[in-house]
1. What is the Rg over Rh value, at two decimals, for the chain, using alpha-carbon atoms and the Kirkwood definition of Rh?
2. Using a cut-off of 26 Å between alpha-carbon atoms, which lysines can reach K28, once sequence neighbours fewer than 8 places away in the same chain are excluded?
3. Estimate the FRET efficiency between E95 and Y4 by the formula 1/(1 + (r/R0)^6), using the beta-carbon distance for r and 22 Å for R0, to the nearest 0.05.
4. Let me have the relative contact order for the chain, percent, based on Cα pairs under 8 Å that are six or more residues apart.
5. By count of other Cβ within 10 Å, fewest leading, how are L13, L93 ordered?
Amino acid sequence: MSGYDIQLDMTELTQLRDDLVAVVGELKGANDNADATADATGHDELRDRVHDFSHKWKIKREEMLENAENLQQILSQIVDAFTKVDADLARSLEEAAAS
């Protein structure tokens, strides 16, 4: 039976998961940010254009938000599972070496 080598850069995966948490937060607050930016322009026509752009992209942002949340959850499960497996294997090896 051939063996399998699995090498995961847990630091990179954890960082990616954390980055996705930040992306999700930004996507959730995008409408509020766009509205605040639009209101701060000081020009009625520009404000209206910023509002219009923001609301046209709302559907795409919601789709991106859903995808980012799903990916973040999957990465969390991967990080948690492999961290647990790694700790369990290390403990087993230590117990085997001690006996």
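What follows is calculated from the coordinates using simple rules that are stated; it is not laboratory data. All values reported here derive from a predicted model rather than from experimental measurement. Note that each Cβ is placed from the backbone with ideal geometry, even for glycine, and that neighbours are counted across all protein chains shown.
1. 1.31
2. K28 reaches K56, K58, K60.
3. 0.45
4. Relative CO of the chain lands at 36 percent.
5. If I rank by nearby Cβ atoms, fewest first, I get L93, L13.
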